[in-house]
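Single-structure report; data block below.
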There are 2 protein chains.
Amino acid sequence: MSSEEHPAPPAAPGKKARLSREIVLSTALTLVDAEGLDALTMRRLGQELGRDPMSLYRYAANRAALLDGVSELVLNELAIIPDDPDWQSQLRRIAHDLRLLALRHPNVVPLLVTRPLSTPLGLRPLGTLRPLEQILSLLIDAGFAPVDALHVYRAYYGYLYGHILNELQEFVVDPEENEALLRLGLHRLPPKEFPRLRALAPVLADYDGMAELDEGITILLSGLAARLPLPEAPAKP
Amino acid sequence: MSSEEHPAPPAAPGKKARLSREIVLSTALTLVDAEGLDALTMRRLGQELGRDPMSLYRYAANRAALLDGVSELVLNELAIIPDDPDWQSQLRRIAHDLRLLALRHPNVVPLLVTRPLSTPLGLRPLGTLRPLEQILSLLIDAGFAPVDALHVYRAYYGYLYGHILNELQEFVVDPEENEALLRLGLHRLPPKEFPRLRALAPVLADYDGMAELDEGITILLSGLAARLPLPEAPAKP
DNA sequence: GCAACTTCTCTACAATGTAGACTGTAGGCG
DNA sequence: CGCCTACAGTCTACATTGTAGAGAAGTTGC
């Protein structure tokens with residue numbers, strides 16, 4: 001699928017241009033971003049595009065495939081360019097990028113996390129696997145043995161995804177009303193059973209996700225580095 | 001369908017006894033375990049219980065609430081008993097327990113991960129929050145300041161969830177056919193674009209999730225311990 | 001036996017994903 | 001130019017879903 005030839009309708013995709021997979025998917029994404037996953041029905045998306053819902057099936061085999069497409073589209077926003085020779089700072093940067101990506105598309109995160117659970121590795125959208133490949137590559141280039149690279153990747157990506165989920169779970173709404181809502185919610189918890197949680201309400205409210213991610217990454221990476229045989233600086237004078 | 005008359009409420013989840021929330025939820029759980037989340041429709045669950053689908057609404061306000069109930073039920077299987085005074089080994093044990101729990105109910109994991117994303121903290125099922133409270137308690141008892149306890153919790157639980165997701169994503173099917181399927185899947189990847197991943201196929205096949213989890217936990221916990229002011233051994237002679 | 005409940009059932013409806021047949025349009029070939 | 005084929009988009013139809021609302025059946029206290 002070397003679909004790259006037509007940069008045709010960049011200016012005004014207005015109303016009646018021919019549909020294309022990219023148009024469909026990006027409209028789907030903006031819909032999801034704006035109104036959540038449930039709003040993404042075939043009918044609704046069709047309406048958004050001014051087309052019959054059935055026309056979508058030319059561009060995605062079914063709803064699940066459409067969701068996969070959206071995940072892929074989002075992950076494509078993540079650029080992994082090996083400009084920095086230091087694998088640690090490289091991974092750190094990617095982590096922050098992915099975090100910001102998730103914050104930009106919070107409604108897509110369930111997809112990113114959930115879809116792979118029901119799709120074997122080899123059958124996933126390629127865009128989904130590209131970060132994995134690139135990070136492996138990055139680590140191997142940095143001097144890790146392939147097996148160890150996989151090792152590092154798993155610990156790193158595991159923590160990263162976990163952190164993102166955690167952070168989004170505490171977020172839920174925009175930070176302005178966050179504190180109020182949070183307190184309101186916590187208020188309902190039985191004090192006898194949840195003293196610690198309730199006491200932490202004010203602290204919960206100002207959660208610096210970026211700082212915590214950074215610290216976790218630091219711990220993990222240095223821990224991994226200390227534990228794995230890495231030929232010091234790579235041969236790149 | 002023999003309509004056995006079991007007046008025993010606790011022993012056997014009989015056939016014609018009065019319904020109860022526990023019966024409904026546990027039947028839902030076994031259904032999900034056996035056939036996946038999609039199989040859990042109101043009609044199907046009703047049929048499984050020999051009751052009209054509508055009767056379920058006495059025990060769960062709607063389908064979402066039912067899913068929450070199932071999450072809660074699963075998380076209740078996780079026992080957090082502070083028998084060990086060492087917080088690190090405590091957390092390590094819990095991590096392994098949760099991992100096994102997830103492997104026992106893989107189809108429920110999407111729920112565990114996804115539902116909190118759309119439910120503010122205070123409105124979640126209590127059973128879902130109990131681990132959080134108990135772990136905080138455990139850490140505070142071990143000498144951490146509440147803020148630091150939260151800190152540790154986040155890094156710990158983040159990594160833990162991430163790892164579980166990772167592991168389940170690579171699993172997908174039972175380990176017997178895993179290797180075959182995996183290779184088959186990877187085979188489809190364009191070699192030019194995914195050389196590293198394809199080369200790692202054999203290694204991917206024997207993934208020791210338990211060992212990797214343990215190592216990650218070790219790194220994280222010792223890193224956290226080194227970084228936070230902890231009054232050594234707690235005052236417990 | 002009656003009355004106030006709770007529990008369970010029946011019927012009905014709107015929304016969803018999607019199959020299958022159809023219409024329109026664009027281009028190639030005589 | 002007229003016809004044929006391929007493909008983009010549409011229309012109709014249907015099975016399946018969650019759930020509202022009214023009622024039936026069963027249980028309990030007097």
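The values are calculated or read from the model by the stated rules, or taken from the named source; none is laboratory data. Everything numeric here is computed off the predicted structure, so don't read it as measured data. Note: ideal-geometry Cβ built from the backbone for every residue, glycine included; neighbour counts use all protein chains shown. Side chains are part of the model used for accessible areas, which takes the heavy atoms of the whole protein and leaves out ligands, DNA and RNA. Shrake-Rupley method; radii C 1.70, N 1.55, O 1.52, S 1.80 Å.
Values for this structure:
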item	result
Members of segment A:72-117 that become less accessible by 50 Å² or more once partner protein chains are added (1.4 angstrom probe, chain alone as reference)	A:LEU117
Calculated FRET efficiency for the pair A:ILE23/B:SER89, C-beta based, R₀ 51 Å, to 0.05	0.40
Protein accessible surface hidden between B and A, which excludes ligands and nucleic acids, total in Å², probe 1.4 Å	5700
Probe 1.4 Å, all protein chains present, accessible-area order of B:GLU215, A:GLU22, largest first	A:GLU22, B:GLU215
Calculated FRET value between A:ASP214 and B:ARG43, using beta carbons and R₀ = 56 Å, to 0.05	0.70
Dipole moment magnitude, nearest 20 debye, segment B:39-102 about Cα centre, only Lys, Arg, Asp, Glu C-beta charged	420
For segment A:90-107 and segment B:186-231, distance of Cα centres in Å	19
Net charge dipole size for segment B:8-117 [Lys, Arg +1 and Asp, Glu -1 on Cβ; Debye, nearest 20]	520
Normalised per residue, the volume of the convex hull around the Cα set of segment B:80-227 (Å³)	147
Whole-number accessible area per residue in Å² for segment B:83-139, which is evaluated in the context of all protein chains at 1.4 Å	34
Total formal charge among the other residues, if their Cβ is under 12 angstrom from that of B:HIS105, Lys/Arg +1 and Asp/Glu -1	0
Phi-based couplings in Hz for segment A:80-97 (Karplus 6.51, -1.76, 1.60; Gly and Pro marked x)	10, 10, x, 7, 9, x, 8, 4, 5, 5, 4, 5, 5, 5, 4, 4, 5, 4
Label-point separation, B:ARG58 to A:ALA199 (7 Å along Cα→Cβ), nm	4.3
Under the Karplus curve 6.51 cos²θ - 1.76 cosθ + 1.60, θ = phi - 60°, whole-Hz ³J(HN,Hα) for segment A:45-57, x wherever Gly or Pro sits	5, x, 4, 4, 9, x, 10, 5, x, 5, 5, 5, 5
Local net charge near B:GLU35, Cβ-Cβ under 12 Å (Lys/Arg +1, Asp/Glu -1)	-2
Accessible carbon and sulfur surface of segment A:51-124 relative to its total accessible area, %, 1.4 Å	57
